[in-house]
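Colleague: Quick one: structure below, then a few questions.
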Amino acid sequence: MDTQKLLDSYYNWLIKGYTVNKLDDNTSEIVTPFLDSINDNIYIYVTKLSNGKIQLTDDGYTLNNLELMGIELTSTRNKIIDSIRKLYNIDLIQDQLSIVGNEADFPIMKFNLISAINRIDSLSLTKRDNITSIFRDEVVSYFKE
């Protein structure tokens, strides 16, 4: 097996999966090949700031999408979101997941933002119907033992 060939194949697929749309002189939209829980591509936005740094955001999509799916952002879910944000060094500014840094740090900033978006998006699995079903399955399993 040629693992390097596999990695090269993945890299080529990854590069082809990105689309960049310039929104204005300072902001671009990046459509990633990664999908969220409703099978939409994950978008991130890159803005050149006046201090020479760049800001990456999800433009509020992640939290808004959870709310549209009926996921109430309770104190427990907000604690989970905060722990995920801290893990990936992501700020929350007006419901937008955001990270600011130098252009040289773009790769790790993008990785961290996409990782946080994916982890937070997985809270869609905590919808009441899912939790009720899991609880019921656990109770039935417990009494069968």
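What follows is calculated from the coordinates using simple rules that are stated; it is not laboratory data. In this text the structure is predicted, and so the values were computed from the model without any measurement. FYI the Cβ positions are ideal-geometry reconstructions off the backbone, even for glycines, and counts take in every protein chain you see.
Colleague: So how strong a dipole does the chain carry about its Cα centre when Lys and Arg Cβ are +1 and Asp and Glu Cβ are -1, to the nearest 20 debye?
Modeller: My answer is approximately 260 debye.
Colleague: What list of ³J(HN,Hα) couplings, whole Hz, do you get for the range 39-44 from phi and the Karplus terms 6.51, -1.76, 1.60, once you set θ to phi - 60° and write x for glycine and proline?
Modeller: 6, 8, 5, 7, 9, 10
Colleague: Could you give the length gained by full extension between Q94 and I38, i.e. 0.36 nm per residue of separation minus their alpha carbon distance, to one decimal place?
Modeller: Details: separation 56, 0.36 × 56 = 20.16 nm, distance 2.31 nm.
Taking Q94 through I38 to full extension adds about 17.8 nm, to one decimal.
Colleague: Once Lys and Arg get +1 and Asp and Glu get -1 on their Cβ, which of L123, N89, G70 lies farthest toward the positive end of the dipole of the range 3-139?
Modeller: Going by the Cα projections, it comes out as N89.
Colleague: Give me the percent of Cα-Cα pairs in the range 3-139 that sit more than 21 Å apart, rounded to a whole number. Display every interim value, and only then the final one.
Modeller: Working: 4503 of 9316 pairs.
Summing the P(r) tail past 21 Å for the range 3-139 gives 48 percent.
Colleague: Please sort 10-18, 44-52 by packing, taking for each peptide the average over its residues of neighbouring beta carbons within 10 angstrom, highest first.
Modeller: The packing order, highest mean first, is 44-52, 10-18.
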